[in-house]
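What follows is a short report on a single structure.
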Amino acid sequence: MDLQMKNYYMGIDVGSLSTDGVIIDENGAMAGSIILPTGASILKTIALCREQISEICGIPQELIAKTASTGYGRRKVDYAGEIITEITAHALGAHNWSPETRTVI
């Protein structure tokens, strides 16, 4: 399928130790992921994550329809259209994998 015909979404979790990125397609299939050490410059790592995950997946950044961020540095992701807490991210993930889930411990 032509890349231009799909919508892609990025998630980025900016933690104190690692910055993790993932791109999924409109069907929820993972196109690729990356884990980088956050290091001393959180802003450089956030930019590097976006650049490298796009390269890994072969999906240009302009084809990513929306980005959500979570984690310690979630508010530093200036390209995120949605900013969510880790608790919300865990709840959404649990519900996605198992829609009948009501509690995450």
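The values are calculated or read from the model by the stated rules, or taken from the named source; none is laboratory data. Being a predicted model, the structure only gives us computed values, none of them experimental. Positions of Cβ are backbone-derived with ideal geometry, glycine not excepted, and every protein chain shown enters the neighbour counts. Keep in mind that these areas ignore ligands, DNA and RNA; they rest on the heavy atoms of the full protein, side chains included. Shrake-Rupley method; radii C 1.70, N 1.55, O 1.52, S 1.80 Å.
Can you find even one residue in the range 63-80 that is within 26 Å of His95 (Cα to Cα), part of a strand (DSSP E or B) and aromatic (Phe, Trp, Tyr)? Taking every residue of the range 63-80 in turn, none turns out to be within 26 Å of His95 (Cα to Cα), part of a strand (DSSP E or B) and aromatic (Phe, Trp, Tyr). On inspection, Ala47 fails the criterion of being assigned to a helix (DSSP H, G or I), open to solvent by 30 Å² or more (accessible area, probe 1.4 Å), in contact (Cβ under 8 Å) with a residue 12 or more places away in the chain and out of contact with any Phe, Trp or Tyr (no Cβ under 7 Å at 6 or more places or on another chain). Residues in the range 56-82 that are farther than 20 Å from Asn7 by Cβ, open to solvent by 30 Å² or more (accessible area, probe 1.4 Å) and either of a type in the set (Gly, Ala, Ser) or in contact with a helix residue (DSSP H, G or I) (Cβ under 9 Å, 6 or more places away or on another chain) (or both): Tyr72, Arg74, Lys76, Asp78.
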